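Below is one structure, written out as C-alpha cells; the observations come after it.
Each value in this text was obtained by applying a stated rule to the coordinates, not by laboratory testing. Keep in mind that this is a model prediction, so the values were computed, not measured. Cβ atoms come from the backbone with ideal geometry, glycine included; neighbour counts cover every protein chain shown.
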Amino acid sequence: MPPDSTTAYLERHQPEKNMRRYYRLYVTPTLFGEFALVREWGRIGKSGQRKEEWYDTFEQACVELERLASKKRRKGYCDVCGI
C-alpha cells in the first residue's frame with residue numbers, strides 16, 4: 001500500500017494475453033458529511049468504469065479500501081507509485 005492510506009493505484013500486465021489493466025481506489029469526503037470510496041478500473045489508456053460506495057466514517061472507508069486492494073494484489077495486481 002502506498003504511504004497515503006486513502007489512495008491505491010494498481011496495475012496488472014500480462015503481455016502474453018495482451019492484458020494491461022489498472023485499478024484505482026481512493027477515499028474522498030462527500031457533501032453530506034460521509035465518505036465515499038471510489039473505485040475506477042479498466043484497460044490502461046482507455047476510459048474505464050467507476051463505482052462509489054458511501055460510508056459513515058473515514059475509518060470504515062479506509063478499511064474497505066485496504067480490503068479491496070489486498071484482494072486485487074492476490075489476483076496479480078501490483079502497486080504503482082508516483083501516480
- prompt: Pairing the Cα long axis of helix 58-74 with the longest principal axis of the chain, what angle in degrees results, from 0 to 90 and rounded to the nearest 10?
  reply: 10 degrees
statement: Taking 0.36 nm per residue of separation between HIS13 and VAL38 and subtracting their Cα-Cα distance, the length gained on full extension comes to 6.8 nm
message: Can you show me the helix-derived [θ] at 222 nm for the chain, built from DSSP H runs with n ≥ 4 at -39,500 (n - 2.57) apiece and divided by the number of residues, rounded to the nearest 500.
response: -7000 deg cm²/dmol
query: Relative to the present Cα-Cα distance, how much length would full extension add between ARG74 and THR30 at 0.36 nm per residue of separation?
result: 12.8 nm
field: Order of SER5, SER47 under a 10 Å beta carbon neighbour criterion, fewest first
entry: SER47, SER5
task: Kindly put VAL63, VAL27 in sequence by how many other C-beta atoms sit within 10 Å of each C-beta, fewest to most.
output: VAL63, VAL27
